[in-house]
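Enquirer: Quick one: structure below, then a few questions.
No value in this document is a laboratory result; all are computed from the given coordinates. Just so it is clear, the structure is predicted and the values come from calculations on it, not from any experiment. With ideal geometry, Cβ positions are generated from the backbone for all residues, glycine too; neighbour counts draw on all protein chains shown.
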Amino acid sequence: MSLIIVESPTKARTFNRILGGKDYYVFATMGHIRDLPGNKMAIDFDHDFKPDYIIIKNKTKTVSQLKKLAKENGEVILATDPDREGESISYHVAYLLGLINEKWPKIEFKKGKEPKRIVFHEITAAALKAALAKPETLRLDLVKAQQARRILDRIVGYDLSPLLWKKMGKNWLSAGRVQTVALRLIVEREKEIINFHQEEYYQVFGQFEDGQLLKAKLISKDDIPYEQKFTLNLFAADYQYTKTTINKDKVETLKIDLMDDKYKISHVDETTSSRYPPPPFTTSLLQQDAFHKMGFSSKQTMRLAQDLYEHGLITYHRTDSFNLSTQFVFAAADYIRKNYGDNYALAKPRGYHNKSKMAQEAHEAIRPTKLENTLKTSGKLTSYHARLYDLIFRRAVATQMKEASVKTITVDIKGQKGYLFETKTEQVIFDGFFKVLNPQFAVSKNSGMSVKEGIDIILNAIEAQPQMTNPPPRYNEASLIKILEEKGIGRPSTYAPIISLIQDKYYIEKEMRYFIPTKLGSAISDYLSSSFPDIFDLNFTASMEENLDKVAAGETDFIDLLKKFNDPFNKELETKKNDQTVINIEDDIDEKCPQCGSKLVVRYSKFGKFLACSAFPKCKFTKPFLKVVSGKKCPQCGGDIVVRFSKSRKRFYGCSNYPNCKFSVWRLNQLGN
């Protein structure tokens, strides 16, 4: 028999179901089995950054079992995931089985013992059969890229974290090369919001009639537009507005002048355009869409997608590629013809250009492995899995459907005094891919309007709507992932862990699905970004990711990359170590200590916020910090509603009189007004 090594028991069970269990024994490592120790740097800087790997504490039994099985079976086949992490797991398995010489920084296969590696992007019978028929060997450049990232992150984390401990007096804080940039984005956005100066302006609409009612927006006078625009620079509160000329003082005068005018439909423009389906899902696009449409966190989305992949239902879910296999696109065409008709199917498959110059994860987009649009929920597959599967299925099928045809009708209404109103409407002529991806849109836009150019039209009423200039919104999971991807920060496998980590460390909090930095998070971001401006710069972080991609492609030596980073970093670090200033991250509140009467302050621990006496250590009074939700009362006892967290860190809302009152809800809208 051959021994096949995978990462998870679910994946092993799917392999066994497909392969039948006769010629192959499938063993799961339960993730990584060898890594850097957690209690020391474990990097030998005098010998080309040589890492001191150890067997992970709870994996000793797994390694012993693995070695025993390798001796009992004829050959070892490495079948871990196709990305850098998967390649790294296979590498460490091969090392522990004596198939690799680790002559750092050289990595060599032992003579005659080159390990077999199979690469696939879906767990199906056809994919496994093809992979087993043409085994490859370990892709060592991917291993080097993973090790380079691991070493870089270890250097930054182990050197900067103690610096934070010293500055803030908390030995549980951590800094990270990518996590700090993500935190900085949130902190700088909050500063922009705080510093933003709101101004009032008005949008004016006219109610017109020519046998039918038309609502049109006032857009200009004498070809001078009424508009409200601003430009935004990341990491700077730089908002430049072209201010509207319709302010509060002018509204009433404007209304009188508009009502005293005569109007005509000056121009009717009808254009028919094609709307094309969006590309298939990559990791980041799936996380964004799942957040917007179902409220899933990035961590939840990746956990569900992992289950779907390991059950053989979707292709590999960590990818930045738009590619779809030939097998899928032709099968999708048959499915579309059968279920929707020939007029919805393409004459030839549609492809998409990859945004990334170096798509370094899996080589195909996320898609279903079979064209079955329903998922049976049983055992470990829940309704949440079914909803995510449906999202993936519809998106993938839609990519191979005909484009929609949409007519846009623009009507210009001009007054004799030079005022110009405009109204637009859309009519779906042919729904195309909307049939699968957004049928509600096609139904809601199935009729247009009929107006004639050159006719007089009567203005019945004027509506002036007050508006406020607004700063950009806070980041939520979807918008943060989007900006990280756009700026080249992190990679598909890192988005969810980054976002989870800065929440778990209490550097940021969620409020109505949006991220707000805590005082702790703001202090850490400000200190690190000012003390190490290059390392936590967007462009520098993005260029480092590109260099890691080049290592994975065999174009850059990873030891040279580490040296170019570490030498200037060390010089800067030594300078900052001599700085003796301390950063205070306490928040004063309007509450007295019940024991000594001193002020209570908000402090942070690794378990979150708590209230403590400012006279510590003389007075050691503490109590939990509970954020009161303004305007909400407990329907059972009338107490305040406060924010609480479950053991899994999921936010919920409960009564402040707990445990006497145990009322709680998951969402604020369950409380009513």
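Enquirer: Between segment 594-650 and segment 304-334, how far is it from one alpha carbon centroid to the other, in angstrom?
Expert: What the calculation gives is 47 Å, centre to centre.
Enquirer: Taking the alpha-carbon distance from LYS571 and a cut-off under 17 Å, which aspartates and glutamates remain once sequence neighbours fewer than 8 residues away in the same chain are dropped?
Expert: Within the straight-line limit of under 17 Å, LYS571 reaches these aspartates and glutamates: ASP46, ASP159, ASP534, ASP579.
Enquirer: Regarding the chain, what is the average projected area of its C-alpha convex hull, in nm²? Write down the numbers at each step before the final one.
Expert: Values: hull surface 154.4 nm².
Projected over every direction and averaged, the Cα hull of the chain covers 38.6 nm².
Enquirer: Now, a different point. Run down the lysines and flag those whose C-alpha is under 17 Å from the C-alpha of LYS370, throwing out any fewer than 8 positions away in its chain.
Expert: Partners found: LYS129, LYS338.
Enquirer: So, in Å, what gap is there between the alpha-carbon centers of segment 100-125 and segment 387-463?
Expert: 55
Enquirer: Also, I was wondering about something else. Quick one: which of LYS167/LYS563; LYS40/LYS71; LYS106/LYS576; LYS11/LYS103 span more than 29 angstrom between C-alpha atoms? Spell out each step's value before the answer.
Expert: Values: LYS167/LYS563 27 Å; LYS40/LYS71 34 Å; LYS106/LYS576 34 Å; LYS11/LYS103 33 Å.
Violating the 29 Å limit, Cα to Cα: LYS40/LYS71; LYS106/LYS576; LYS11/LYS103.
Enquirer: Apply the Karplus parameterisation 6.51 cos²θ - 1.76 cosθ + 1.60, with θ equal to phi minus 60°, to every residue of segment 106-114 and state each ³J(HN,Hα) to the nearest whole Hz, in sequence, with x for glycine and proline.
Expert: 7, 10, 10, 7, 5, 4, x, 10, 4
Enquirer: Please list 3J(HN,Hα) in residue order for segment 521-538, calculated via the Karplus relation 6.51 cos²θ - 1.76 cosθ + 1.60 where θ = phi - 60°; whole Hz, with x for glycine and proline.
Expert: Those phi angles translate into x, 5, 5, 5, 4, 5, 5, 5, 6, 7, 7, 10, x, 6, 5, 9, 8, 4 Hz.
Enquirer: What is the Rg over Rh value, at two decimals, for segment 373-465, using alpha-carbon atoms and the Kirkwood definition of Rh?
Expert: On the way: Rg = 21.5 Å, Rh = 17.2 Å.
In segment 373-465, Rg relative to Rh is 1.25.
Enquirer: Counting other Cβ atoms within 10 Å of each Cβ, which GluC sites (Glu not before Pro) in segment 524-584 have at most 14 and sit in a DSSP loop? Don't skip to the answer; put the middle values down first.
Expert: Numbers: sites: GLU545, GLU546, GLU555, GLU572, GLU574; in loops: GLU555.
Listed in order of number, the matching sites are GLU555.
Enquirer: If you line up the Cα atoms of segment 587-671 on their principal axes, what length do they span on each, largest first, in Å?
Expert: 43, 27, 21
Enquirer: Taking 19 Å as the cut-off for C-alpha to C-alpha distance, list the pairs among LYS221/LYS407; LYS519/LYS609; LYS59/LYS144; LYS59/LYS505; LYS606/LYS650 that go past it.
Expert: Working: LYS221/LYS407 27 Å; LYS519/LYS609 11 Å; LYS59/LYS144 23 Å; LYS59/LYS505 27 Å; LYS606/LYS650 16 Å.
Check vs 19 Å cut-off fails for LYS221/LYS407; LYS59/LYS144; LYS59/LYS505.
Enquirer: Follow-up question, since we're still on this one. Where does each of HIS121, HIS353, HIS385, HIS47 land when they are ranked from fewest to most other beta-carbon atoms within 10 angstrom?
Expert: Placing the least packed residue first, the sequence is HIS353, HIS47, HIS385, HIS121.
Enquirer: Right, something else. Using the crude model of +1 on Lys and Arg Cβ and -1 on Asp and Glu Cβ, and no other charge, please compute the dipole size for the chain relative to its Cα centre, in debye to 20. Intermediate results must be reported in sequence, preceding the final value.
Expert: Numbers: 103 positive and 82 negative charges, 651 e Å.
The dipole of the chain has a size of about 3120 debye.
Enquirer: Taking LYS627 as the anchor, which aspartates and glutamates have their alpha carbon closer than 12 Å to its alpha carbon, excluding any fewer than eight residues away along the same chain?
Expert: Correct list for LYS627: GLU509, GLU511, ASP640.
Enquirer: OK, next. Sort segment 283-398 into rounded, prolate or oblate with this rule: let a ≥ b ≥ c be the square roots of the eigenvalues of the Cα gyration tensor; rounded if a/c is under 1.5, and if a/c is not under 1.5, prolate when a/b is larger than b/c, oblate otherwise. Show your work: numbers first, answer last.
Expert: Details: a/c = 1.84, a/b = 1.20, b/c = 1.53.
Oblate.
Enquirer: Tell me which residues come under 5 Å, amide H to amide H, from ASN438 once H is placed; ignore anything under 5 positions away on its chain.
Expert: none
Enquirer: Looking at the chain, what % of its DSSP beta bridges pair antiparallel, to the nearest 5? Display every interim value, and only then the final one.
Expert: Details: 87 of 99 bridges.
Around 90 percent antiparallel, to the nearest 5.
Enquirer: May I ask you to list the trypsin sites (Lys or Arg not before Pro) in segment 44-146 that are in a DSSP loop and have at most 10 other Cβ atoms within 10 Å of their Cβ? Please report the intermediate quantities before stating the final value.
Expert: Numbers: sites: LYS57, LYS59, LYS61, LYS67, LYS68, LYS71, ARG84, LYS103, LYS106, LYS110, LYS111, LYS113, LYS116, ARG117, LYS129, ARG139, LYS144; in loops: LYS110, LYS111, LYS113, ARG139.
In loop regions of segment 44-146 (DSSP not H, G, I, E or B), the sparsely surrounded trypsin sites (Lys or Arg not before Pro) are LYS111.
Enquirer: Here's something else I'd like to know. With θ set to phi - 60°, apply the Karplus curve 6.51 cos²θ - 1.76 cosθ + 1.60 along segment 376-382 and write out the HN-Hα couplings as whole Hz, x wherever there is a Gly or Pro.
Expert: 6, 8, 7, x, 8, 9, 9
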